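The values are calculated or read from the model by the stated rules, or taken from the named source; none is laboratory data. Note that the coordinates shown come from a computational prediction; the quantities given were computed from them, not determined experimentally. Counting neighbours? That spans all protein chains shown, and the Cβs are built from the backbone with ideal geometry, glycine included.
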Amino acid sequence: MKLLRRLRYWLRARQNQADLAEEMEFHREMLGDARAMGNATLAHEDARAVWIGPWIESVMQDLRYALRSLRNQPGFALIAILALGCAIGLNTSLFTVFNAIAIRPWPVHDPSRMVNVFALDDHHRPSGFSLAEVRYLASHSRTFSGMLAQRGRETVHVENGKGACSWVTGSYFGVLGVGMQQGRGFLPEEDNPDSPLAVAVVSDLFWQTRLGSDPRAVGRQIRIEDVPFTIVGVTGANFTGTTPDPIDIYVPMSAGQILQPHAACMKEFLLSPNQCCSNLAGRLQPGISRKQGEAELAVLHEQFQTQLREEAHGIRLTGTEFIATGKKDKIYPIFALMGVGVLLVLLLACANVGNLLLARAAARRREISVRVSLGASRSRLVRQLLTESLMIAIAAGALGVVSAFFLPTAVFRYALNDVLSFRFTPDTTVLAYALVLSAATCVLFGLAPALNSTKPTASGARSKLRSTLLSAQVALSVILMVAASLLARGIQNARAQDPGFRIAGVSVATFELPASSYDAVRTRAFFTQLTQELKDQPLGLSRQAPLGSGSNWTSFRRTGETEKQRKMVLIQEVSTGYFGVLNIPVRAGRNFEAADADQKTILVNETFANRYFNTSSETLGKTIVTDAPHQIVGVVKDAYTRGLDEIAPTVYVQISANSVPLALFPTSPSETGKLEATLKRLEPRARLRVSPLSDNLEKWLQSSRAGASIAAVLGGFALVLAVIGMFGVFAFWVEQRTPEIGVRMALGARPIQVIRLVLSASSRAVLIGLVIGFGGAVAASRLLVSFLFGVSPLDPLAYTETALFLAAAGFVATYVPARRATKIDPMTALRCE
Amino acid sequence: MGTDKSSELLPGTLDLLVLKTLARGRMHGYGIAQHLKNISEDVLQVGESSLYPALQRLLLNGYVEAEWGTSENNRRARYYTLTADGRKQLSAERKEFDRMVLAIQKVLA
């Protein structure tokens, strides 16, 4: 009640003070004698002071005092704020990324009601819907106010360059509630399979970079795959799309018939209920829970599938956060690992600053004891010291938040060379996180020293806390440095490792055929002719480039096994020349021949042979069943074509060039020239792009290299902190023992003995820290195994490296204080007493 | 100047006196001071440096309420009224004060 009245008073402080002034003025006039009143201002102040809570006053006092004492030691304040600021910055940045991809939903109107909808397959894996079912669900659902579907992202030729194109239903923009800066989103009638329209919506970025921010973009025509499309809208700048990769152009699903008029499967994709798979999302009606929506859709899905005589396995609704859509397993471990890393850094920084505070408190012992003897209570002193810590923490937190504005985007752009559609800008969630983190750090690094240094006696306990903190610092930096060193060695190893196929001297060619005039039959004919013309040249066709993105998996069973015993296997479509160009030897059996084009015969790799048929020779002639039976006619050597981390059991089928494949050939100007000449002769409109295969290796290594450089930054930071920490401890020890050292020197101690004395003082703590640190590193390194590319988590080199680095750091940290100790003049030291 | 007289009162007594004065009816600050002065035959001369802090304290504790009104000579003046809490507080403080006075008298007797 009292607090409330106080609050109300301060909310109307100006009015209340005016009231007070006026009534005192009235009082004075009634008295008629101003002198009789005494000091009016003082009286006014006294009356006003009643409303100031006693605690507010003392808090202000604490703040003023803390500011003053930090200003007196700017060096300490700077180091503490920098160390903690960097640590909080790392944590906040990581959380910003996590927030953007795991917590923040799509950037659309009222995102809380948007959900992703998945049909579960017979293995309870989420999958998409046919467009026919999408229409069925959208028209029958009562719990959803609207539904939309999207088909991924494909690179298309647009105007004079490439662009990322996504196919969406006519409802897409309306249901999402995307604000348009020009024009409008699609209308439902613009997505009619019977009367497709060549209309497009372009993104803000595309509009700026490719259309020159044309203020009259609406109505303008752009050529997509050489087909003219009319722009009907430009999305608002704050709509970054509903896929992780940015989209430049949106076209209605039905417009696929215009883009690929000859593709027979297009009509089927648009109409057939058996076609898969478009991603479905919906907007729930107000007041409808996800459970209710899920239940209704499950019923509708079952109805639809029953009509098809198919089995329905249920529906799952998830939020629209990126990670919620099924990539949890892959992304969470990486985040967890990095999270542990940055948390360790934060702990290290806390231990460091805590130790500095302790040293400072010891130097302020006189001040503290004066305050105690003047009657300050211990809790008041602790509060005082904590206020200082709080100010450091708040400054560090602010620094951290500022860095979180730049760091994530910078890391993705420069280290990963990747542009994602996520916006890595801190929002209120991130700010709250930083605030909580700062408060927690304040308690972590401030409380123990504050409690400790206000203890009435016992300097022994104080040095115990200091040694504990020193040990903790050493241990934490060892763990971080070993991890960084291991990751760096892993990258080295991956580079040096034999990938099992030729990378250097191989080129990758990607073709572009005018899609509007090439259907499956014509495409196949084209590539049959192309390979025929080039049959004297080494040339391999493949669906995916080695170390490229994407991979196809299929399930198979051995003959004699039941459907339940199916296993997943990687499937690669390649031509006969593929193995020759990549220098992958056939270990048993034979390579593909022209007669294998029916895909009834397959090749497998050694991993497959060994895992499922014991030996290569046993494998030959065996039959496995995927969608149809295939006979194994050859076994090829294992090659890390999918990634350098592991070899998956792989099945090779001969490529059927129904859609455009890519080609691999030995790098040489004449080969490239021949390929280009032949291509142009067969189809003048075709385009060719050639790049070295080693680009793929670099790209593939990039993410792990970025991981290693992040680890290196953490490790380096840890090292710097360890040096600062050790330096602080030793320097302080020397300062405290100045008289003792002086006496020893006066009694004839030699410098080397003094240095030994300095070192022995804290070496126990350092040793304990090393032991704990290396133990912790051994345990922690097991978590890193999947990022190490064959380097053992106990790699002796990584541990030796760490030990050497730390020894050097320890030398630097102790050298200066130890030297200072030997320079102590006995007489000055004695006078100090 | 007489403004220091209040400090010679027993601690908390001024609050009691103000409450008691207001128990007779609403009154502005000057009126309270005058009333105390008159009724004590000029012994209790309360200055504004103790009166107004005391009034603010009573406001803070919710024992009195203040509102603007018109004084006897048609001036704007701030009138204080005793609240229910204030009445309770008055009787409590009154009892406490009596007990104190009695104790002091016993000592002096």
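Tabulated data
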| read-out | value |
| --- | --- |
| Unique match (being modelled with pLDDT of 90 or more and touching a Ser or Thr at 6+ places or on another chain (Cβ under 9 Å)) among B:Ala66, B:Ala84 | B:Ala66 |
| Check on A:Met37, surrounded by 13 or more Cβ atoms within 10 Å (Cβ to Cβ), facing another protein chain (nearest Cβ under 7 Å), at pLDDT 80 or above and under 22 Å from B:Leu51 (Cβ atoms) | no |
| Residue within segment A:60-79 that is exposed (fewer than 11 other Cβ atoms within 10 Å of the Cβ), more than 10 Å from chain B (Cβ to nearest Cβ) and more than 47 Å from the chain's Cα centre (by Cα) present | no |
| Residue satisfying all of: in segment B:16-28; more than 9 Å from chain A (Cβ to nearest Cβ) and touching a residue at least 40 places away in the same chain (Cβ under 8 Å); surrounded by the most Cβ atoms within 10 Å (Cβ to Cβ) among these | B:Val18 |
| Some residue of segment A:6-14 being more than 7 Å from chain B (Cβ to nearest Cβ), under 19 Å from B:Glu67 (Cβ atoms) and hydrophobic (A, V, I, L, M, F, W, C) | yes |
| Every residue from segment B:1-15 that is away from every other protein chain (no Cβ under 12 Å) and modelled with pLDDT of 85 or more | B:Thr13, B:Leu14 |
| Which listed residue is in contact with a Lys or Arg (Cβ under 6 Å, 6 or more places away or on another chain) and surrounded by fewer than 19 Cβ atoms within 10 Å (Cβ to Cβ), from A:Thr454, A:Thr468, A:Thr510 | A:Thr510 |
| Evaluation of A:Glu22 against (1) more than 27 Å from A:Leu390 (Cβ to Cβ); (2) surrounded by 17 or more Cβ atoms within 10 Å (Cβ to Cβ); (3) not hydrophobic (A, V, I, L, M, F, W, C) (one fails), failing number | (2) |
| Candidates A:Ile602, A:Ile584 - the one that is aliphatic (A, V, I, L, M) and touching a residue at least 60 places away in the same chain (Cβ under 8 Å) | A:Ile584 |
| Flag if A:Leu390 is in contact with a Cys (Cβ under 6 Å, 6 or more places away or on another chain) and modelled with pLDDT of 80 or more | yes |
| Enumerated strands (runs of 3 or more DSSP E) restricted to segment A:139-196, each holding at least 2 residues that are of a type in the set (A, V, I, L, M) and under 25 Å from A:Gly219 (Cβ atoms) | A:144-158, A:161-168 |
| Count - residues of segment A:746-800 that are assigned to a helix (DSSP H, G or I), within 26 Å of A:Asp498 (Cβ to Cβ), without any contact (Cβ under 8 Å) to a residue 40 or more places away in the chain and not polar (S, T, N, Q) | 3 |
| Enumeration of residues in segment A:500-534 that are small (Gly, Ala, Ser), under 21 Å from A:Lys674 (Cα atoms) and part of a loop (DSSP other than H, G, I, E, B) | A:Ala504, A:Gly505 |
| Hits in segment B:55-65 (condition: more than 9 Å from every other protein chain (Cβ to nearest Cβ) and part of a helix (DSSP H, G or I)) | B:Leu58 |
| Total residues in segment B:76-101, condition within 14 Å of another protein chain (Cβ to nearest Cβ) and either at positive phi or under 12 Å from the mean Cα position of the chain (by Cα) (or both) | 2 |
| Enumeration of residues in segment A:685-706 that are small (Gly, Ala, Ser), outside any helix (DSSP H, G or I) and surrounded by fewer than 18 Cβ atoms within 10 Å (Cβ to Cβ) | A:Ser691 |
| Single condition A:Ala336 does not satisfy, out of (1) in contact (Cβ under 8 Å) with a residue 60 or more places away in the chain; (2) under 30 Å from A:Arg125 (Cα atoms) | (1) |
| Residues located in segment B:29-54, provided they are more than 7 Å from chain A (Cβ to nearest Cβ) and either aromatic (Phe, Trp, Tyr) or surrounded by 20 or more Cβ atoms within 10 Å (Cβ to Cβ) (or both) | B:Gly31, B:Ile32, B:Ala33, B:Leu36, B:Leu44, B:Val46, B:Ser50, B:Leu51, B:Ala54 |
| Strands (runs of 3 or more DSSP E) fully within segment A:576-684 counting 1 or more residues that are closer than 30 Å to A:Gly790 by Cα, within 43 Å of the chain's Cα centre (by Cα) and of a type in the set (Lys, Arg) | A:586-589 |
| Scan of segment A:565-583 for residues that are under 19 Å from A:Thr615 (Cβ atoms) and buried (at least 16 other Cβ atoms within 10 Å of the Cβ), ordered by number | A:Val569 |
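So that you can scan it fast, the table gives a plain yes or no per residue for (1) crowded, with 22+ Cβ neighbours inside 10 Å; (2) at pLDDT 85 or above; (3) out of contact with any Leu (no Cβ under 7 Å at 6 or more places or on another chain):
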site	(1), (2), (3)
A:Ala439	no, yes, yes
A:Ser477	yes, yes, no
A:Gly490	yes, no, no
A:Ala494	yes, no, no
